[in-house]
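First up is the structure itself, then whatever we jot down about it.
The values are calculated or read from the model by the stated rules, or taken from the named source; none is laboratory data. All values derive from a computational prediction rather than experimental measurement. Methodologically, a virtual Cβ is constructed for each residue, glycine included, from the backbone with ideal geometry; neighbour enumeration extends over all protein chains shown.
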C-alpha cells in the first residue's frame, strides 16, 4: 500500500517506488531551540568530573595485588598429560621466592566448557611484579620447555589481568575436598561502579558458609568483565547455599537491580588439580 504525503499544493507522491507525475515542493519549518530548553536536555547528558579511575574506587588501594586468570582449552586426548605437566611445573614457580607471584588456584572445568584448565596467579606489587616474573621466566629453561610441551597440547588459550574488589576477602589456600564455581559476568560498559555498590552489600548475604573465595574485575582482556569465585562441598551444598540466600531480606533487591547490568553471564563448575592451593 502506497503511503502518500500532502504538499502545500495538495499534490501527492508515492513512497513505494513510484514517481510522482508532477513536480512537488515540501515546506520545511526549522525548529529553533534555545540553549537552556528542555529539548536540548534530551540530548545533552551532564557528566560529573572525576579525579580518579573507577578501578581505584573499587579495589584495595593499600594492596597492589594484580591477578592473572588463564583459560586453556586442551586437546581431549592430551588432558591427562597436560595436567601432569602442570603439576610438575607450576608449584616450583609458586614456591620459589625468586618469583614475586603465587598460584592462587588451578582447576579443570567439570561442568561448562569441557577439556579446559583454569589457572589463577597473584602478583604482589602489581604490574612491576608481573613484568619481573615474565622477564625471569623467559630466562628459565625449564619453564620455556614446559611452554613448548604445553603448546602441543592446546587448542586455544586466553587470559585476563584482574584486580580484586575491596569488599571481597583475598583468596587464601583452603583444604578440600571442594568444588569451585567461577561465575563470569560481562557487564554493560559504564556500570562497574553500580555493580560494585550493590555487591558491597550483597556479599554479606553469601558469607555464612564461607563459600565466598574471591571477586575480581578485568583490567586487560575482555573489559567490564567480573569474576566471582565460590567454593562448595558438592553440588547439593551449592544448591542449598544459593537457595538460602533468598531467605535474607535484601537479596532479592540486589538481584533485581544487578541483572539489568549484565550483557552475558557464564558459570563453570571446576575441580582442583592436585597442585592447587585451593582444594
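Does any residue of region 232-248 turn out to be closer than 20 Å to residue 162 by Cα and out of contact with any helix residue (DSSP H, G or I) (no Cβ under 6 Å at 6 or more places or on another chain)? No: region 232-248 contains no residue that is closer than 20 Å to residue 162 by Cα and out of contact with any helix residue (DSSP H, G or I) (no Cβ under 6 Å at 6 or more places or on another chain).
Tally up the residues in region 232-270 that are surrounded by fewer than 16 Cβ atoms within 10 Å (Cβ to Cβ) and either assigned to a helix (DSSP H, G or I) or modelled with pLDDT of 95 or more (or both), please. Explain how you work it out, then say what you get.
To start, the set of residues in region 232-270 that are surrounded by fewer than 16 Cβ atoms within 10 Å (Cβ to Cβ) comprises 233-237, 239-240, 242-244, 246-250, 252-253, 255-257, 259-260, 262-267.
So of that shortlist, the ones also either assigned to a helix (DSSP H, G or I) or modelled with pLDDT of 95 or more (or both) come out as 233-237, 239-240, 242-244, 252-253, 255-257, 259-260, 262-267.
Going through region 232-270 one residue at a time, the tally reaches 23.
For region 243-256, state whether one or more residues are over 24 Å from residue 70 (Cβ atoms) and in contact with a strand residue (DSSP E or B) (Cβ under 9 Å, 6 or more places away or on another chain). Looking for residues that are over 24 Å from residue 70 (Cβ atoms) and in contact with a strand residue (DSSP E or B) (Cβ under 9 Å, 6 or more places away or on another chain), one finds none in region 243-256, hence no. Summed over region 213-228, residues that are part of a strand (DSSP E or B) and surrounded by fewer than 15 Cβ atoms within 10 Å (Cβ to Cβ) total 1.
Within region 148-163, one or more residues are free of Cβ contacts under 8 Å to residues at least 24 places away in the same chain, more than 15 Å from residue 98 (Cα to Cα) and surrounded by fewer than 16 Cβ atoms within 10 Å (Cβ to Cβ).
A Cβ distance below 7 Å, combined with a sequence gap of six or more or placement on separate chains, defines the contacts here; from region 237-249, residues that are in the same structural domain as residue 203 (by TED's automatic domain parsing) reach residues that are surrounded by fewer than 13 Cβ atoms within 10 Å (Cβ to Cβ) and part of a helix (DSSP H, G or I) in the pairs 246/252.
Filtering region 152-189 to residues that are touching a helix residue (DSSP H, G or I) at 6+ places or on another chain (Cβ under 8 Å) and more than 19 Å from residue 116 (Cβ to Cβ) leaves 161, 163, 165, 166, 167, 168, 187, 188.
Scanning region 196-212 for residues that are free of Cβ contacts under 8 Å to residues at least 40 places away in the same chain and either surrounded by 17 or more Cβ atoms within 10 Å (Cβ to Cβ) or on the phi > 0 side of the Ramachandran plot (or both) yields 203, 206, 210, 211. With respect to (1) surrounded by fewer than 15 Cβ atoms within 10 Å (Cβ to Cβ); (2) not in a helix (DSSP H, G or I), the lone exception for residue 193 is condition (2).
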